[in-house]
Amino acid sequence: KGFAIHWLMPREKRPVESGWTTGPRKSWEYLKQTYKRGYNVGVRLGSPSKIGNEFLTVVDVDIKSTDENHKLEALQAAKRVLGESFRKCPVVFSGRGNGSRHYYCLSREPFKTFNPYASNEEVKVHSPSKRPSKKEIEKLSQTELIGGIRISRAWEISLYSDGRQVVLPPSIHPDSGREYVWKEGTFDLPV
């Protein structure tokens with residue numbers, strides 16, 4: 001399909017190899033030779049993943065809150081970004097849960113990642129894979145910090161392209177332990 005895939009550490013989003021943001025797409029033979037049981041898999045976006053005359057882009061809908069209103073706000077913001085493509089893009093449901101997902105799109109040109117929408121509200125979220133920030137160390141109890149609680153926006157929409165990668169199914173989310181999965185019937189990118 002043209003995806004520039006690479007291996008990620010088991011139950012992590014961190015690539016196995018350094019320098020992953022540059023260089024050519026890995027061959028299928030190389031990927032088979034370097035695979036180790038338990039690896040997660042990622043895809044490099046933008047320039048490395050050229051599909052026809054366009055470039056693979058992801059609209060990341062990251063919902064940290066468990067509040068249904070926050071989920072609805074995030075999905076409405078995603079619809080504003082995607083327009084008519086909202087129901088046509090292939091979708092991966094994140095292992096995080098809470099409605100988080102990746103919409104796979106094609107762009108005419110690669111671009112620098114940006115966040116067009118985000119909630120003004122913050123929530124406490126279980127995210128032990130993230131190191132605590134100075135703000136979190138000041139605001140959270142020692143018990144919360146040790147338990148992996150962090151402070152985050154309730155939701156955020158990011159557009160990913162050059163210099164970014166996302167996790168592909170059937171990878172395991174580092175915090176929840178759940179699989180990333182394709183939404184059925186949504187994968188019809190051109191060969």
Sort out which residues of the range 130-143 are in contact with a strand residue (DSSP E or B) (Cβ under 7 Å, 6 or more places away or on another chain) and either over 22 Å from Arg96 (Cβ atoms) or in a helix (DSSP H, G or I) (or both), and write them in order of number.
Lys135, Glu136, Lys139
Restricting the range 78-104 to residues that are on the phi > 0 side of the Ramachandran plot and in contact with a helix residue (DSSP H, G or I) (Cβ under 8 Å, 6 or more places away or on another chain), the one most open to solvent (accessible area, probe 1.4 Å) turns out to be Asn98
Tell me, which residue of the range 17-42 that is of a type in the set (Gly, Ala, Ser) and more than 21 Å from Pro170 (Cβ to Cβ) is surrounded by the most Cβ atoms within 10 Å (Cβ to Cβ)?
Gly23
Total residues in the range 81-118, condition over 19 Å from the mean Cα position of the chain (by Cα) and at pLDDT 95 or above
2
I'd like the residue in the range 13-39 that is β-branched (Val, Ile, Thr) and part of a loop (DSSP other than H, G, I, E, B) and, out of all such residues, is farthest from Pro128 (Cα to Cα).
Thr22
When the residues of the range 67-77 are narrowed to those that are touching a residue at least 40 places away in the same chain (Cβ under 8 Å) and surrounded by fewer than 22 Cβ atoms within 10 Å (Cβ to Cβ), which ends up farthest from the chain's Cα centre (by Cα)?
Asp67
Here are the criteria: (1) open to solvent by 90 Å² or more (accessible area, probe 1.4 Å); (2) modelled with pLDDT under 95. Tell me which single one Glu121 does not satisfy.
(2)
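The values are calculated or read from the model by the stated rules, or taken from the named source; none is laboratory data. Source: prediction; values computed, not measured. Note that we place each Cβ from the backbone using ideal geometry, even for glycine, and neighbour counts take in every protein chain shown. Each accessible area value is taken on the protein alone, full model and side chains, heavy atoms only, with ligands, DNA and RNA left out. Shrake-Rupley method; radii C 1.70, N 1.55, O 1.52, S 1.80 Å.
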